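*Asks:* Let me give you the structure first, and then I'll get to my questions.
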Amino acid sequence: MSDKIIITCAITGAETTKAANPALPVTPEEIAQGAFEAYEAGASVLHLHVRKDDGTPTQDVEVFRKAINLVRSKCDIVIETTTGGAAWMTPEERLQPVTLNPEMASLDCGTVNFGDEYIVNTLPIMRQFAKEMKERNVRPTLECFDLGHVYASHILIKENLIEAPFHYGLVLNVPGAAKYDVDVLEFFVRKLPAGAHFTAFGIGGKANVDSIYATIALGGNIRVGFEDNIYYGKGRLAKSNAELVERAARIAKDCGRELAKPEDVRQMLKLRKN
Ligand code: ZN
């Protein structure tokens, strides 16, 4: 286990709106500024979704390209593009940002309820995503929302579609999927392949803060940001993504962990050298 801890910031997501938190970064310019502030606060990975001008989520490769270039002009944070997209998107649509050869990309490991909606990920879809990422040397973050997803990831690994070092994203508390509880998280972690890295987080204010402590205790990495939680405390909106990163960084340091810098992440996860 490395003493260095990775903080990922998921600054925008697909579901959060400016009506819910006016500080949500939406345009590529706002996203680049938000990413820079998160980086300065201690984040070393940016989990990136983009939006159209009217705020609806899009997987449009040109919007991703613009956002990535703007982020790159400000800092060297590692960029992980989403392939989860939004509930109504086709797999082909969702996969588009991977064609830009980001260093990392999320790979959802199973079909999942998302409140009243759902995102479909059959094994053939997952194989298609994994294959595309492998060919481009993009490191997948194996996102698991339910226990079956962890087992589905084992199939992809067995089929040599995913190569070590493995990096998991354990996403708990999505309505309709596995709830966040410390023992649930601990069980997921026990079922990961030996030596796998993981980033774990609960969705929603209380679970989000609680999961920072549990994840550190279990030797994992942290994710915060408006995609997962818009509150700093009960009834108090977070002022910015950076404010959430600052708290996560403080907790990690209090627990004696050193924050990984982007170059540390590139080494730990053996990211492609550009
Ligand atoms: Zn996401």
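*Asks:* If you go through the stretch 64-92, how many residues are away from the ligand (no atom under 15 Å from the Cβ) and either on the phi > 0 side of the Ramachandran plot or assigned to a helix (DSSP H, G or I) (or both)?
*Replies:* 9
*Asks:* Hey, another quick one. Name every residue in the stretch 1-34 that is out of contact with any Pro (no Cβ under 7 Å at 6 or more places or on another chain), among the aliphatic types (A, V, I, L, M), within 14 Å of the ligand (Cβ to nearest atom) and closer than 20 Å to Thr199 by Cβ, in order of residue number.
*Replies:* Scanning the stretch 1-34 gives a single hit, Ala10.
*Asks:* Mind checking which pairs have a first residue in the stretch 197-208 that is within 13 Å of Ala10 (Cα to Cα) and a second that is among the β-branched types (Val, Ile, Thr) and open to solvent by 20 Å² or more (accessible area, probe 1.4 Å), Cβ under 8 Å, 6 or more apart or different chains?
*Replies:* Ala200/Val189
*Asks:* Among the residues of the stretch 158-194, which ones are among the small types (Gly, Ala, Ser) and farther than 16 Å from Asp108 by Cβ?
*Replies:* Once the filter is applied, which keeps residues that are among the small types (Gly, Ala, Ser) and farther than 16 Å from Asp108 by Cβ, the stretch 158-194 yields Ala164, Ala194.
*Asks:* Kindly evaluate Val224 against the criterion of being more than 16 Å from Glu80 (Cα to Cα) and under 16 Å from the mean Cα position of the chain (by Cα).
*Replies:* no
*Asks:* Given (1) modelled with pLDDT of 95 or more; (2) small (Gly, Ala, Ser); (3) within 16 Å of the ligand (Cβ to nearest atom), identify the lone condition not met by Ala41.
*Replies:* Going through the list (1) modelled with pLDDT of 95 or more; (2) small (Gly, Ala, Ser); (3) within 16 Å of the ligand (Cβ to nearest atom), Ala41 breaks only (3).
*Asks:* Looking only at residues that are in a strand (DSSP E or B) and within 14 Å of the ligand (Cβ to nearest atom) in the stretch 93-118, which one is nearest to the chain's Cα centre (by Cα)?
*Replies:* Step by step, filter the stretch 93-118, then rank; the result is Ser106.
*Asks:* Then there is this: Mind telling me which of the residues Ala200, Ala177, Ala152, Ala130 ends up being part of a strand (DSSP E or B), among the small types (Gly, Ala, Ser), surrounded by 14 or more Cβ atoms within 10 Å (Cβ to Cβ) and modelled with pLDDT of 95 or more?
*Replies:* Ala200
*Asks:* Being within 17 Å of Ile5 (Cα to Cα), outside any loop (DSSP other than H, G, I, E, B) and open to solvent by less than 60 Å² (accessible area, probe 1.4 Å): is that true of Phe188 here?
*Replies:* On the way: within 17 Å of Ile5 (Cα to Cα): no; outside any loop (DSSP other than H, G, I, E, B): yes; open to solvent by less than 60 Å² (accessible area, probe 1.4 Å): yes.
Against the criterion (within 17 Å of Ile5 (Cα to Cα), outside any loop (DSSP other than H, G, I, E, B) and open to solvent by less than 60 Å² (accessible area, probe 1.4 Å)), Phe188 does not qualify.
*Asks:* So, one more: Let me spell it out: the conditions are (1) in a helix (DSSP H, G or I); (2) open to solvent by 30 Å² or more (accessible area, probe 1.4 Å); (3) under 21 Å from Ile11 (Cβ atoms), and Gln267 meets all of them except one. Which number is the exception?
*Replies:* (3)
*Asks:* Can you report the number of residues in the stretch 221-245 which are buried (at least 18 other Cβ atoms within 10 Å of the Cβ) and in contact (Cβ under 8 Å) with a residue 40 or more places away in the chain?
*Replies:* 15
*Asks:* Still on this structure, please answer the following. Out of Ala41, Ala87, Ala14, I need the residue that is open to solvent by less than 50 Å² (accessible area, probe 1.4 Å), under 22 Å from Arg247 (Cα atoms) and in contact (Cβ under 8 Å) with a residue 24 or more places away in the chain. Which one?
*Replies:* Values: Ala87 fails: under 22 Å from Arg247 (Cα atoms); Ala14 fails: under 22 Å from Arg247 (Cα atoms).
Exactly one of Ala41, Ala87, Ala14 is open to solvent by less than 50 Å² (accessible area, probe 1.4 Å), under 22 Å from Arg247 (Cα atoms) and in contact (Cβ under 8 Å) with a residue 24 or more places away in the chain, namely Ala41.
*Asks:* Restricting attention to the stretch 107-116, does a residue exist that is among the aromatic types (Phe, Trp, Tyr) and either open to solvent by 10 Å² or more (accessible area, probe 1.4 Å) or free of Cβ contacts under 8 Å to residues at least 40 places away in the same chain (or both)?
*Replies:* Yes.
The values are calculated or read from the model by the stated rules, or taken from the named source; none is laboratory data. Computed from a prediction, not measured in an experiment: that's the story for all the values here. Using ideal geometry, Cβ is built from the backbone for each residue, glycine included, and neighbour counts are taken over all protein chains shown. What goes into the accessible areas is simple: the full protein's heavy atoms, side chains included, and nothing from ligands, DNA or RNA. Shrake-Rupley method; radii C 1.70, N 1.55, O 1.52, S 1.80 Å.
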